[in-house]
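The values are calculated or read from the model by the stated rules, or taken from the named source; none is laboratory data. Given the structure is predicted, the values throughout are model-derived calculations rather than measurements. Every residue, glycine as well, gets a Cβ built from its backbone with ideal geometry; the counts of neighbours run over all protein chains shown. With ligands, DNA and RNA removed, areas are computed over all heavy atoms of the protein, side chains included. Shrake-Rupley method; radii C 1.70, N 1.55, O 1.52, S 1.80 Å.
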Amino acid sequence: MALLFYHLPFLPFLFLFLHFIASLSSPTQNLNDTLSFSFPLTSLRISPDVKVQTLSSSLVAGASKHGTRRLARPNSGSYNYKTTFKYSMALIVTLPIGTPPQTQQMVLDTGSQLSWIQCHKKLAKKPPPTASFDPSLSSSFSVLPCNHPLCKPRIPDFTLPTSCDQNRLCHYSYFYADGTLAEGNLVREKITFSRSQSTPPLILGCATDSSEDKGILGMNLGRFSFASQSKISKFSYCVPTRRTKPGVSATGSFYLGQNPNSHGFQYINLLAFPQSRTMPNMDPLAYTLPMLGIKMGAKKMAIPMHVFRPDAGGSGQTMIDSGSEFTYLVDEAYNKVREEVVRLVGPRLKKGYVYGGVADMCFDGNPVQIGRLIGDMVLEFEKGVEIRVPKGRVLADVGGGVHCLGIGRSNMLGIASNIIGNFHQQNLWVEFDLANRRVGFGKADCSRAAV
């Protein structure tokens, strides 16, 4: 099951919830081919009205032009690619795709498998977005035909549903929890940083006719994620604190490969569930953390630990997801947190208000005063590792003078999992050590120009 979840109501792609899951074997990491890059991230509000359509005939023509061309063997060795970036809500990484490279903006999503880009579609009445990818301009672009093993696997892969389209090309289709359909054609393309630095050809989705010009950078544990296909051993990001002034962006960092700041990180092992094939509510490709509990202020919430662990059906899984803005809790945990918030600041709650249909701990009053009354929020994990959200950042500005705790109910999304969103990852290095199957955390000032 691939996760692609965004904060309601601004963001277009919600939690990808596939009720039938075929578990995938973890990709073999080649640790001798470690990549080390630093990319720009931008966090933006995105329209919810995205409908991604299939490739046009013009793209098919462009594909045939390069479809039989043998791709150049990528250079091996260690790479370094560094640049600055901006941040304001979903994390956006800017990547150079193709040969010669065309700059593409993609949502960094650790809860999703397939990466896809917005592809150029030539229409006389409607010019394409300036940031869309034009396959006809890339010598390394090729499409996957229907007879490709990925398109017609011996065992159906429900995490990447594919079929043949009318042009005999491999077509993919994703349905998200909000009813959004994301579809297009599977292609091969590489990321070209310079003449001597590039990734191997990667399997990507190529979509057109979207109202947005952002793609998705899938970074979960699936074998078709960017992380797996690129054979990186680790990656990390640092989400800066939000800026409240309109038009003012913060900065942060994203590394593929070794992070020079990792010496101070605290690590926890990812949970593994070999029986996940028979767990309908389980996402076997997500980064599942051993969460123990929650503290509000100095008080530990009376939430049983099993609430944060998957049961026999997979419900209760706790995952960390850069593609989700808010944190989401199953009812047993959410209700305990809400009871404490009511005890501390009950009279200040905005009565009858539910933000985005999922969050009802919202306020009209002074967020600084309310934050002081609530205190720090701490997410506790094994080995004494914790994510501490200071009282000055427990409330999210959702507009109109309203501030919410930044926690929503999972069941309002139709899911049975706990999700740690990027709102609670601010000023924190988060490293995904794929080789050792662990996640590391390190406190940082992510808003500095160089972290």
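Structure summary
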{"item": "Residue count, segment 165-193 (criterion: open to solvent by 50 Å² or more (accessible area, probe 1.4 Å) and either in a strand (DSSP E or B) or modelled with pLDDT of 85 or more (or both))", "result": "4"}
{"item": "Residues of segment 419-433 satisfying the condition of being out of contact with any Phe, Trp or Tyr (no Cβ under 8 Å at 6 or more places or on another chain) and among the hydrophobic types (A, V, I, L, M, F, W, C)", "result": "Ile420"}
{"item": "Condition met for Val307 (at pLDDT 90 or above and at negative phi)", "result": "yes"}
{"item": "Members of segment 142-164 that are part of a loop (DSSP other than H, G, I, E, B), surrounded by 16 or more Cβ atoms within 10 Å (Cβ to Cβ) and at pLDDT 85 or above", "result": "Leu144, His148"}
{"item": "Count - residues of segment 424-451 that are closer than 25 Å to His306 by Cβ and either part of a loop (DSSP other than H, G, I, E, B) or of a type outside the set (A, V, I, L, M) (or both)", "result": "5"}
{"item": "Of all residues in segment 261-290 being open to solvent by less than 20 Å² (accessible area, probe 1.4 Å) and touching a helix residue (DSSP H, G or I) at 6+ places or on another chain (Cβ under 6 Å), the one that is farthest from Asn436 (Cα to Cα)", "result": "Met282"}
{"item": "Selected residue [open to solvent by 30 Å² or more (accessible area, probe 1.4 Å) and either in the same structural domain as Gly313 (by the TED database) or in contact with a helix residue (DSSP H, G or I) (Cβ under 7 Å, 6 or more places away or on another chain) (or both)] from Val378, Val342", "result": "Val342"}
{"item": "Candidates Gly346, Gly392, Gly408, filtered to the one that is of a type in the set (Gly, Ala, Ser), in contact with a Gly (Cβ under 8 Å, 6 or more places away or on another chain) and part of a helix (DSSP H, G or I)", "result": "Gly392"}
{"item": "Search result, residues across segment 308-330 that are within 20 Å of Leu395 (Cα to Cα) and open to solvent by 10 Å² or more (accessible area, probe 1.4 Å)", "result": "Val330"}
{"item": "From the options Lys350, Lys383, residue that is at positive phi and in contact with a strand residue (DSSP E or B) (Cβ under 7 Å, 6 or more places away or on another chain)", "result": "Lys383"}
{"item": "Enumeration of residues in segment 435-450 that are open to solvent by less than 30 Å² (accessible area, probe 1.4 Å) and modelled with pLDDT under 95", "result": "Ala444, Cys446, Ser447"}
{"item": "Failed item, numbered, when Val358 is tested on (1) under 27 Å from Gln113 (Cβ atoms); (2) at pLDDT 95 or above; (3) of a type in the set (A, V, I, L, M)", "result": "(2)"}
{"item": "Residue count for segment 218-239, restricted to those that are open to solvent by less than 10 Å² (accessible area, probe 1.4 Å) and modelled with pLDDT under 90", "result": "2"}
{"item": "Filter result for Ala396 (farther than 22 Å from Ser236 by Cβ, buried (at least 21 other Cβ atoms within 10 Å of the Cβ) and at pLDDT below 95)", "result": "yes"}
